[in-house]
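A short worksheet on the structure shown next.
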Amino acid sequence: FDVNVFGAMRVFSACLPALVRSGGRLVLITSFLGVVPLPGLATYTATKAALEGWAAAARMENIVPVSTVVDGFIRTGLTDTDGHYHKPGWPYKRSVGPGGLQQTWMDAFDTQLDEHTSAVGRAIADRYPRHRYVVGWDATLTMGACWLFPRWLTHLFINGLYDHFG
């Protein structure tokens with residue numbers, strides 16, 4: 001939480017006077033996991049959910065425009081399947097390791113870093129910024145399911161995928 005949530009809040013607070021004077025905006029990087037959690041990623045999911053909630057509340061305060069960039073899985077050192085999730089006794093190893101749901105998701109959709117940076121650029125430069133810029137097929141499908149179906153049904157589906165792959 002120190003980096004993902006409180007760090008963003010501290011930077012925003014420090015920059016707020018300049019943002020108001022210049023007509024700037026706040027752009028937060030979140031994840032579809034902040035809306036639909038996966039087992040084994042609870043802490044990450046909690047930080048992204050906190051940012052989603054903060055962005056929604058900050059939008060209502062109407063001090064500066066607020067947008068979120070909602071990412072899918074992007075291959076980084078954090079998502080490296082040979083990384084820190086492969087520790088003996090880790091209960092969710094299959095969820096995030098080879099053959100697990102996260103790995104299967106990344107193999108199927110594989111959001112590219114340039115898609116992410118393009119969305120951030122649009123969130124900063126668009127004359128009329130959107131509330132959310134959804135990046136990657138995995139995030140688009142998941143967020144679309146959340147908009148079309150009741151949340152409980154989306155969670156039931158994701159849990160079914162987890163049971164199948166995990």
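The values are calculated or read from the model by the stated rules, or taken from the named source; none is laboratory data. Source: prediction; values computed, not measured. Cβ: placed from backbone, ideal geometry, glycine included. Neighbour counts: every protein chain shown. Areas reflect the complete protein model, heavy atoms only, side chains present, ligands, DNA and RNA absent. Shrake-Rupley method; radii C 1.70, N 1.55, O 1.52, S 1.80 Å.
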ARG127 fails exactly one of (1) over 20 Å from ARG25 (Cβ atoms); (2) modelled with pLDDT of 65 or more; (3) open to solvent by 50 Å² or more (accessible area, probe 1.4 Å), namely (1)
Every listed condition ((1) more than 21 Å from PRO150 (Cα to Cα); (2) outside any helix (DSSP H, G or I)) holds for VAL70 save (1)
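Of all residues in region 14-27 being over 22 Å from the mean Cα position of the chain (by Cα) and not aliphatic (A, V, I, L, M), which is least open to solvent (accessible area, probe 1.4 Å)?
Looking only at region 14-27, we keep the residues that are over 22 Å from the mean Cα position of the chain (by Cα), and these are 14-24.
Remaining after also requiring not aliphatic (A, V, I, L, M): 15, 17, 21-24.
Details: CYS15: 60, PRO17: 69, ARG21: 186, SER22: 88, GLY23: 58, GLY24: 17 Å².
So, considering only residues that are over 22 Å from the mean Cα position of the chain (by Cα) and not aliphatic (A, V, I, L, M), the one least open to solvent (accessible area, probe 1.4 Å) is GLY24.
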Does region 58-73 contain any residue that is of a type in the set (Asp, Glu), modelled with pLDDT under 95 and open to solvent by less than 50 Å² (accessible area, probe 1.4 Å)?
-> yes
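Condition (residue is within 21 Å of ALA145 (Cα to Cα), in a loop (DSSP other than H, G, I, E, B) and either modelled with pLDDT of 65 or more or not charged (D, E, K, R) (or both)) applied to region 11-23: is it met by at least one residue? Give the steps one after another, and end with the answer.
Pass one, region 11-23, residues within 21 Å of ALA145 (Cα to Cα): none.
Looking through region 11-23, none of the residues is within 21 Å of ALA145 (Cα to Cα), in a loop (DSSP other than H, G, I, E, B) and either modelled with pLDDT of 65 or more or not charged (D, E, K, R) (or both).
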What's the number of the condition GLY121 fails, among (1) at pLDDT 90 or above; (2) out of contact with any Lys or Arg (no Cβ under 9 Å at 6 or more places or on another chain); (3) closer than 28 Å to LEU26 by Cβ; (4) open to solvent by 50 Å² or more (accessible area, probe 1.4 Å)?
-> (4)
If we scan region 142-160, do we find a residue that is small (Gly, Ala, Ser) and modelled with pLDDT under 80?
-> yes
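Residue under question is THR30, and the condition is that it be in contact with a helix residue (DSSP H, G or I) (Cβ under 8 Å, 6 or more places away or on another chain), of a type in the set (S, T, N, Q), closer than 26 Å to TRP137 by Cβ and outside any helix (DSSP H, G or I); does it hold?
Numbers: in contact with a helix residue (DSSP H, G or I) (Cβ under 8 Å, 6 or more places away or on another chain): yes; of a type in the set (S, T, N, Q): yes; closer than 26 Å to TRP137 by Cβ: yes; outside any helix (DSSP H, G or I): yes.
Yes: the conditions hold for THR30.
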Odd one out for PRO98, checked against (1) under 22 Å from GLN112 (Cβ atoms); (2) at pLDDT 95 or above | (2)
Can you name every residue in region 127-144 that is in contact (Cβ under 8 Å) with a residue 60 or more places away in the chain and closer than 17 Å to VAL36 by Cβ?
-> ARG132, VAL134, VAL135, GLY136, TRP137, ASP138, ALA139, THR140, THR142, MET143
